[in-house]
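Novice: Structure incoming, see below.
The values are calculated or read from the model by the stated rules, or taken from the named source; none is laboratory data. Computed from a predicted model, the values in this text were never measured in an experiment. Here the Cβ positions follow ideal geometry from the backbone for every residue, glycine too, while neighbour counts run over all protein chains shown.
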Amino acid sequence: MAAINIDVHHVTRVEGHGNIVVNVKNGALEECRLDIVETPRFFEAMLRGRPYTQSSHITSRICGICAVGHATASLRATENALDITPSEQTVLLRKLIFHGEMLDSHVLHVYMLVAPDMFGVGSVIPLVKIAPEAVLRALRIKKLAGDLCATIGGRHTHPIAMAVGGFTHFPDADELKALRQRLVDARADMDATVQLAKTLPWPNFSRETEYVALRKEDEYAFIDGTITTTDGASYPVSDYRKVTNEHLVQHSSAKHCKHKRESYMVGALARFNVNYDKLHPRATAAAAELGLKPICTNPFLNSAAQVVEMVHCVEDAINVIDQLVGRGITLEPLPPFPGKGGEGAGSCEVPRGILFHNYQIGDDGRVIGANCIIPTGQNLANIEADMRKLVPEFLDQPQDKIRLMMEMLVRAYDPCISCSVHFLNVKFV
Amino acid sequence: MKPTLVLGLGNPLQRDDGVGIRVVAELERRTLPPHVEVMDGGTPGVGLINLMEGRARVVIVDAAEMGRQPGEVVRFRAEDVKLTGSSARFSLHRSGVADALALADALGVSLPEIVVYGVQPAHVEWGESLSAPVSAAIPGLVDAIIQEAQSLKEQSDGQ
């Protein structure tokens, strides 16, 4: 058998850069790895010495897509460090904006990054020719999600109103009611999204692994909860290091994570597997329509789980608005600095999986130390383990087919890789 | 909604990539014509299409790899240049502007009149400080954008 060498530089359509390297010799896999840039190494350096009130605003800039997610994990870490308990209204407003960001991210991933593969086209641009109504639908959902985030967060793309212990800007009842109507109207687009996902040719592949997600007894957990795994382990967020166990591996500049097995998976599929029983009935129906059942061990179906979560987020956003309107919005002031520092971890489920922030704050209210573990970093070892199983199953296929499968696998994880430079490349013509 | 939007784009945690955001922060301290709104757009990716919706004119300020000297500012219209990074390498963060415009074009979405102020970056790795030449370009850039916004108003008044 001919040797196969695949070196996909800069996997396209993932958030940032990633290189896939595969070497097969005499029918045996010699090398199989994913090179990826991970969490900015200067995370601690950029927070050290800053007032605690700034952490969420700075860290929300790490990722253009998970701004609310980073802000929320940051706020929860700070609040835990300072022993500040957010009010019921704050919890509801955070849930609502979180649903907006989840919807925003998932719709982009499913429609613009995954669907082109499934339709056999190189990107969303040619997809417009085949399925223009689907792309317009995606933009319509994205607009609703963006407007939801702006209404609660105070501004498009950056949630400046989110603060330690509360909000600095509040939506009024009319704005909330208008959003509610748009969410109700979006049910048709959700149904169409489920139908689209149903027609996509999902690759047939599976590999058992451990799935890790936050879990709560009273809801499908996105913010706070207990770290829970499908192998039966559970830990409080403050013990996150017992799950992540970050370690250096020889072939990668990024640290890998593992729990009891060689790897674990986080993200929509992990949440679905851990929290299936907490989904809204409409989301459970969507899962049934897609043939998705826990425990699903096909990583390609992470994108299908995202579709199920989109349905859930629309329904729960409607519920949360009803609660907010029912109780009435109060212009709550922010809690003062308690006068004493401390250490705390915060966690939430951002679109790509469980995210941890961990801060030490001094008695002067300034950050002394900070740590952050992003979902993609936790998934690296699992993606490689999938690749090692996937490649031998496709060895009889043409090299281009293997390359595409590998790229699709990496994209299925929706990796968010340090959100690298986005600036324009311009050629004057 | 104000007809003219000045939109700063970029990530201030990636050194010179944040120049658009710094310019917006500076513009927010200045007195602007009443028809002009200034917005920190961050890195919106294809969300840029939604941010521009309903505007007559959009002035984008962003770091742009143009093969020029660091800090050099070039004003151009989107249709005057080839914005690379689209289609073959569609990503939500890389070249978000190019991808968004290509997608809008493919969909036949009508866009406002777009003027881009591109600033040639020197450093775009993680970090918060601007390079000296990019930092030095900001005052002139701010003045130019205020003049631009004013002239756009005069143009529309004359129509």
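Novice: How about region A:155-169: which of its residues are more than 9 Å from every other protein chain (Cβ to nearest Cβ) and surrounded by 19 or more Cβ atoms within 10 Å (Cβ to Cβ)?
Specialist: Residues satisfying the conditions are A:PRO159, A:ALA161, A:MET162, A:ALA163, A:VAL164, A:GLY165, A:GLY166, A:PHE167.
Novice: Return the total of residues in region A:236-262 being closer than 19 Å to A:ASP224 by Cα and either surrounded by fewer than 19 Cβ atoms within 10 Å (Cβ to Cβ) or in contact with a Ser or Thr (Cβ under 8 Å, 6 or more places away or on another chain) (or both). Let's see the steps before the verdict.
Specialist: First, the residues of region A:236-262 that are closer than 19 Å to A:ASP224 by Cα: A:236-244.
So of that shortlist, the ones also either surrounded by fewer than 19 Cβ atoms within 10 Å (Cβ to Cβ) or in contact with a Ser or Thr (Cβ under 8 Å, 6 or more places away or on another chain) (or both) come out as A:236-243.
The number of residues fulfilling the criteria is 8.
Novice: Restricting the search to region A:117-167, which residues are within 13 Å of B:LEU51 (Cα to Cα) and among the acidic types (Asp, Glu)?
Specialist: A:ASP147
Novice: Do the conditions hold for B:LEU32, that is, is it touching a helix residue (DSSP H, G or I) at 6+ places or on another chain (Cβ under 8 Å) and more than 30 Å from A:VAL128 (Cβ to Cβ)?
Specialist: yes
Novice: Within region A:63-82, does at least one residue satisfy the condition of being free of Cβ contacts under 8 Å to residues at least 24 places away in the same chain and touching a helix residue (DSSP H, G or I) at 6+ places or on another chain (Cβ under 8 Å)? Let's see the steps before the verdict.
Specialist: Just the residues of region A:63-82 that are free of Cβ contacts under 8 Å to residues at least 24 places away in the same chain, to begin with: none.
No - not one qualifying residue is present in region A:63-82.
Novice: Considering only region A:325-348, I want to know if a residue exists there that is part of a helix (DSSP H, G or I) and modelled with pLDDT under 95.
Specialist: No, there is no match, as no residue in region A:325-348 is part of a helix (DSSP H, G or I) and modelled with pLDDT under 95.
Novice: Restrict the check to region A:102-111 and report whether at least one residue is away from every other protein chain (no Cβ under 14 Å) and either free of Cβ contacts under 8 Å to residues at least 12 places away in the same chain or buried (at least 23 other Cβ atoms within 10 Å of the Cβ) (or both).
Specialist: The first filter runs over region A:102-111 and keeps only residues away from every other protein chain (no Cβ under 14 Å), leaving A:102.
Right, trim to either free of Cβ contacts under 8 Å to residues at least 12 places away in the same chain or buried (at least 23 other Cβ atoms within 10 Å of the Cβ) (or both) and you get A:102.
Yes, because at least one residue in region A:102-111 is away from every other protein chain (no Cβ under 14 Å) and either free of Cβ contacts under 8 Å to residues at least 12 places away in the same chain or buried (at least 23 other Cβ atoms within 10 Å of the Cβ) (or both).
Novice: Filter region B:49-72 down to the residues that are in contact (Cβ under 8 Å) with a residue 60 or more places away in the chain and part of a strand (DSSP E or B), then identify the one that is nearest to the other protein chains (Cβ to nearest Cβ).
Specialist: B:ALA63
Novice: Are any residues in region B:68-103 at pLDDT 90 or above, of a type in the set (A, V, I, L, M) and out of contact with any Gly (no Cβ under 9 Å at 6 or more places or on another chain), and if so, which ones?
Specialist: none
Novice: Is it the case that some residue within region A:57-65 is under 22 Å from A:ARG187 (Cα atoms), surrounded by 22 or more Cβ atoms within 10 Å (Cβ to Cβ) and in contact with a Ser or Thr (Cβ under 7 Å, 6 or more places away or on another chain)?
Specialist: No; the residues of region A:57-65 include none that is under 22 Å from A:ARG187 (Cα atoms), surrounded by 22 or more Cβ atoms within 10 Å (Cβ to Cβ) and in contact with a Ser or Thr (Cβ under 7 Å, 6 or more places away or on another chain).
Novice: In region B:119-145, which residue that is of a type in the set (S, T, N, Q) and surrounded by fewer than 16 Cβ atoms within 10 Å (Cβ to Cβ) is farthest from the other protein chains (Cβ to nearest Cβ)?
Specialist: The selected residue is B:SER135.
Novice: Quick check on my filter: what residues within region A:291-345 are β-branched (Val, Ile, Thr) and within 26 Å of A:GLN181 (Cα to Cα)?
Specialist: Residues satisfying the conditions are A:VAL307, A:VAL308, A:VAL311, A:VAL314, A:ILE318, A:VAL320, A:ILE321, A:VAL325, A:ILE329, A:THR330.
Novice: Please state which one of B:GLY42, B:GLY71, B:GLY67 is crowded, with 24+ Cβ neighbours inside 10 Å, out of contact with any Phe, Trp or Tyr (no Cβ under 6 Å at 6 or more places or on another chain) and of a type in the set (Gly, Ala, Ser).
Specialist: One residue alone meets the criteria, B:GLY42.
Novice: Limited to region B:2-20, what total is found for residues that are buried (at least 24 other Cβ atoms within 10 Å of the Cβ) and in a helix (DSSP H, G or I)?
Specialist: Count: 5.
Novice: Determine if region A:263-271 includes at least one residue that is touching an Asp or Glu at 6+ places or on another chain (Cβ under 6 Å) and surrounded by fewer than 24 Cβ atoms within 10 Å (Cβ to Cβ).
Specialist: For region A:263-271, residues touching an Asp or Glu at 6+ places or on another chain (Cβ under 6 Å) and surrounded by fewer than 24 Cβ atoms within 10 Å (Cβ to Cβ): absent.
Novice: Here is a further query. Among residues belonging to region A:370-419 that are part of a loop (DSSP other than H, G, I, E, B), under 28 Å from B:ALA64 (Cα atoms) and touching a strand residue (DSSP E or B) at 6+ places or on another chain (Cβ under 8 Å), point out the one that is modelled with the lowest pLDDT.
Specialist: Out of the qualifying residues, it is A:CYS419.
Novice: Could you list, in sequence order, the residues of region B:12-27 that are within 11 Å of another protein chain (Cβ to nearest Cβ) and either more than 18 Å from B:SER129 (Cβ to Cβ) or among the acidic types (Asp, Glu) (or both)?
Specialist: The answer is B:ASP16, B:ASP17.
Novice: Among residues belonging to region A:220-235 that are within 18 Å of the chain's Cα centre (by Cα) and not aliphatic (A, V, I, L, M), point out the one that is surrounded by the fewest Cβ atoms within 10 Å (Cβ to Cβ).
Specialist: A:THR226
Novice: Here is a further query. Answer yes or no: is there a residue in region B:110-118 that is at pLDDT 90 or above and within 8 Å of another protein chain (Cβ to nearest Cβ).
Specialist: yes
Novice: The conditions are (1) modelled with pLDDT of 90 or more; (2) under 21 Å from B:ARG22 (Cβ atoms); (3) within 16 Å of the chain's Cα centre (by Cα), and B:ALA132 fails exactly one of them. Which is it?
Specialist: Only one criterion in (1) modelled with pLDDT of 90 or more; (2) under 21 Å from B:ARG22 (Cβ atoms); (3) within 16 Å of the chain's Cα centre (by Cα) is unmet by B:ALA132, namely (3).
Novice: How about region A:112-133: which of its residues are buried (at least 20 other Cβ atoms within 10 Å of the Cβ) and either more than 10 Å from chain B (Cβ to nearest Cβ) or touching a strand residue (DSSP E or B) at 6+ places or on another chain (Cβ under 6 Å) (or both)?
Specialist: A:VAL114, A:ALA115, A:ASP117
Novice: Further question: Just to verify a result, which residue in region B:28-48, among those that are part of a loop (DSSP other than H, G, I, E, B) and in contact (Cβ under 8 Å) with a residue 60 or more places away in the chain, is farthest from the other protein chains (Cβ to nearest Cβ)?
Specialist: Step by step, filter region B:28-48, then rank; the result is B:PRO33.
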